[in-house]
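Here's the structure, in structure tokens; my notes come after.
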Amino acid sequence: MSLRRIVMHWSAGGHTANSSDKRHYHEIVEGDGNRVEGDHLPEANNSTADGRYAAHTRAFNTGAIGLSMAAMSGAKERPFKKGKYPITPVQLNVFVEMVAEYADTYNIDITRETILSHAEVEITHDVKQKGKWDITWLPGMVKPGHPIEVGDHLRELIKSKQAENFEESMPKMASSDIDSFSEKLASHISEFLKTYKT
């Protein structure tokens, strides 16, 4: 079995990765943007039969990489409270870059079925997750959004980061092309955030 999915999480802990986070996720981004490797390589999840793997998602670990942001301890979904350790903007930026890197490294397409948040697993793959709501809130949102809509936003950010990484590895583009790309990305983010400020 090969690695064919990435499941995105928040740890429901503080901004520092702890030993439990390292057991459950392949890599974690801390609140300041520092990346921390987990105890298991992603390849450990090719098979879960031996019990030595990162158990990040109920009944959905085989072939799945688990990546997380150390955040959201004390957060409450309804009524919404982000708690003392919300996802930080720098953390989100590094996380998006990290997911893009893993997608490239393991040749995983960016689709709703293959790169998704923990909150999307039950909706998309019909695997019960006991009310998990990570990741339905991001910096700039006033309340949690629908898992698929927030997941789509994350996937767009990941695709943009992949394009940016590709651009950096290619000969320089004309500055007008870069300006156009930046304007489109800024417009997409602005439209997404307007949805959750009403």
Residue set GLY33, GLY74; condition loosely packed, with under 15 Cβ neighbours inside 10 Å and farther than 21 Å from ARG5 by Cβ; output residue GLY74
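State yes or no: is ILE123 assigned to a helix (DSSP H, G or I) and over 16 Å from the mean Cα position of the chain (by Cα)?
yes
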Within region 118-165, the residues that are out of contact with any Phe, Trp or Tyr (no Cβ under 7 Å at 6 or more places or on another chain) and aliphatic (A, V, I, L, M) are ILE123, LEU138, ILE148, VAL150, LEU154, LEU157, ILE158, ALA163
Residue pairs within 8 Å by beta carbon, gap of at least six or interchain, first lying in region 132-159 and within 13 Å of PHE192 (Cα to Cα), second surrounded by 19 or more Cβ atoms within 10 Å (Cβ to Cβ) and of a type in the set (Asp, Glu), listed first then second, are ILE148/GLU120; GLY151/GLU120
Sole miss for VAL99 among (1) surrounded by fewer than 23 Cβ atoms within 10 Å (Cβ to Cβ); (2) out of contact with any Asp or Glu (no Cβ under 9 Å at 6 or more places or on another chain); (3) within 24 Å of ARG23 (Cβ to Cβ) is condition (1)
Practice task
Check whether at least one residue in region 63-83 is hydrophobic (A, V, I, L, M, F, W, C) and more than 15 Å from the chain's Cα centre (by Cα), and report yes or no.
Solution key: yes
If you go through GLY140, GLY151, the only one that is small (Gly, Ala, Ser) and either in contact with a strand residue (DSSP E or B) (Cβ under 8 Å, 6 or more places away or on another chain) or crowded, with 20+ Cβ neighbours inside 10 Å (or both) is GLY151
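None of the figures in this text is laboratory data; all of them are computed from the coordinates on show. What you see is a predicted model; the values in this text were computed from it and never measured. Cβ: placed from backbone, ideal geometry, glycine included. Neighbour counts: every protein chain shown.
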